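Engineer: The structure that follows is given in the form of structure tokens.
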Amino acid sequence: MAFASKLHGMLYFATRVAVLALASNGGCIATSPVEFDPAQSFPPSVVSEPTAEFPLNRIGQINLDDPVENPEMPLQIRVRDPNLDQTLDYRLFLDSPPAPDVPFTSGEIPPSGFLERPTDLFVPYDLLSPGECHRIELVVVGEFDSFVEPRRPAEEGDFDNATWWVRVTDADNPVILQECR
């Protein structure tokens with residue numbers, strides 16, 4: 001019984017000390033706006049879809065004489081971006097340099113709410129000359145800076161790029177005259 005009365009006394013004392021400590025410190029009312037660090041922007045990352053017809057790790061082959069439903073080269077990718085609500089911009093370049101450094105197409109990749117955004121882009125066959133190995137480059141950014149330097153992101157380091165190589169032939173050009181390099 002003596003222990004129970006001591007325990008009750010100790011709890012009473014601890015409660016009183018805690019109440020006095022809170023009362024002596026008082027409350028804090030913010031009179032100026034609280035500033036938070038801006039959300040960190042992470043760069044996107046481009047990888048091939050596991051089942052892509054033209055994966056990034058192999059040189060593709062297209063025969064323009066083969067019958068196809070859609071005369072376009074599909075670029076099946078997943079864009080990974082931890083900024084789940086950010087719309088991303090992309091530009092596709094063909095054989096540049098030494099060709100003019102102008103994208104042949106551009107657009108947006110909308111947010112999906114998930115880390116990975118499955119995306120299909122297409123290169124029309126009429127842009128691919130037979131008898132050549134073509135270099136197709138994709139640049140994905142949070143936002144492009146301008147068209148003066150078409151690959152430059154508005155925020156330094158906020159980009160990723162991927163490159164496909166594809167050999168294009170037809171009946172008149174069955175051999176690639178210049179290999180992929």
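Engineer: Spot the failing condition for V140; the list is (1) touching a Pro at 6+ places or on another chain (Cβ under 8 Å); (2) part of a loop (DSSP other than H, G, I, E, B); (3) surrounded by 16 or more Cβ atoms within 10 Å (Cβ to Cβ), and only one is missed.
Structural biologist: Going through (1) touching a Pro at 6+ places or on another chain (Cβ under 8 Å); (2) part of a loop (DSSP other than H, G, I, E, B); (3) surrounded by 16 or more Cβ atoms within 10 Å (Cβ to Cβ) one by one, V140 breaks only (2).
Every residue, every condition in (1) of a type in the set (K, R); (2) surrounded by 15 or more Cβ atoms within 10 Å (Cβ to Cβ); (3) within 19 Å of the chain's Cα centre (by Cα); (4) under 17 Å from V47 (Cα atoms), yes or no:
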| residue | (1), (2), (3), (4) |
| --- | --- |
| D95 | no, yes, no, no |
| P103 | no, yes, yes, no |
| G107 | no, no, yes, no |
| G113 | no, no, yes, no |
| F147 | no, no, no, no |
| G157 | no, no, yes, no |
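Engineer: Which count do you get for residues in the range 56-75 that are under 13 Å from E137 (Cα atoms) and modelled with pLDDT under 95?
Structural biologist: The number of residues fulfilling the criteria is 0.
Engineer: On to the next question. Can we say E132 is charged (D, E, K, R), modelled with pLDDT of 95 or more and in contact with a Leu (Cβ under 8 Å, 6 or more places away or on another chain)?
Structural biologist: Numbers: charged (D, E, K, R): yes; modelled with pLDDT of 95 or more: no; in contact with a Leu (Cβ under 8 Å, 6 or more places away or on another chain): yes.
So E132 does not fit the description; no.
The values are calculated or read from the model by the stated rules, or taken from the named source; none is laboratory data. All figures in this text were calculated on a predicted structure; none of them were measured in a lab. Glycine also receives a Cβ, built like all others from the backbone with ideal geometry; neighbour counts cover every protein chain displayed.
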